[in-house]
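Q: Okay, here's the structure, questions in a sec.
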Amino acid sequence: MRCDTCGNDYDKTFRVTGPRGEFVFDSFECAIQKLAPTCAHCGCRVIGHGVDAGETIYCCEHCSRAAAKSAAGHAGQGAARRARH
Ligand SMILES: [Zn+2]
Ligand SMILES: [Zn+2]
């Protein structure tokens, strides 16, 4: 099977079925790249449980609080400025 992220043809791929459909990956790294949401505040991949704030997902409680604070101050500038490199 071919990995849905990198296209690598590998005999030990695995399937992941989720809300966005079914995917085939050759590694967890590829699965994370394709499926893991990014934190709306710091931009890192949310691999753990994360914090769900309605439509928005944060990697941790700290980010959700920091984002709420900066949204109140200057309309979500923090998220754009601190996007991942
Ligand atoms: Zn891959
Ligand atoms: Zn974060």
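The values are calculated or read from the model by the stated rules, or taken from the named source; none is laboratory data. A quick note: this is a predicted structure, and the numbers were derived from the prediction, not measured. Positions of Cβ are generated from backbone atoms using ideal geometry, with glycine treated the same way; all protein chains shown enter the neighbour counts.
Q: Of everything in segment 7-25, what is part of a loop (DSSP other than H, G, I, E, B) and among the aromatic types (Phe, Trp, Tyr)? Give them in sequence order. Please lay out each step first, then the result.
A: Going through segment 7-25, the residues part of a loop (DSSP other than H, G, I, E, B) turn out to be 7-8, 10-13, 19-20.
Matches in segment 7-25: 10 only.
Q: Suppose we keep only residues that are assigned to a loop (DSSP other than H, G, I, E, B), over 9 Å from the mean Cα position of the chain (by Cα) and surrounded by fewer than 17 Cβ atoms within 10 Å (Cβ to Cβ) within segment 26-81. Which one would you say is modelled with the lowest pLDDT?
A: It comes out as 76.
Q: If I ask for residues that are acidic (Asp, Glu) and within 11 Å of ligand 1 (Cβ to nearest atom), which ones from segment 6-27 would you list?
A: Taking segment 6-27 as the starting set, the residues that turn out to be acidic (Asp, Glu) are 9, 11, 22, 26.
Once the filter is applied, which keeps residues that are acidic (Asp, Glu) and within 11 Å of ligand 1 (Cβ to nearest atom), segment 6-27 yields 9, 26.
Q: Hey, can you tell me all the residues within segment 27-67 that are among the hydroxyl-bearing types (Ser, Thr, Tyr) and either over 30 Å from residue 10 (Cβ atoms) or touching a Gly at 6+ places or on another chain (Cβ under 9 Å) (or both)?
A: Answer for segment 27-67, where residues must be among the hydroxyl-bearing types (Ser, Thr, Tyr) and either over 30 Å from residue 10 (Cβ atoms) or touching a Gly at 6+ places or on another chain (Cβ under 9 Å) (or both): 56, 58, 64.
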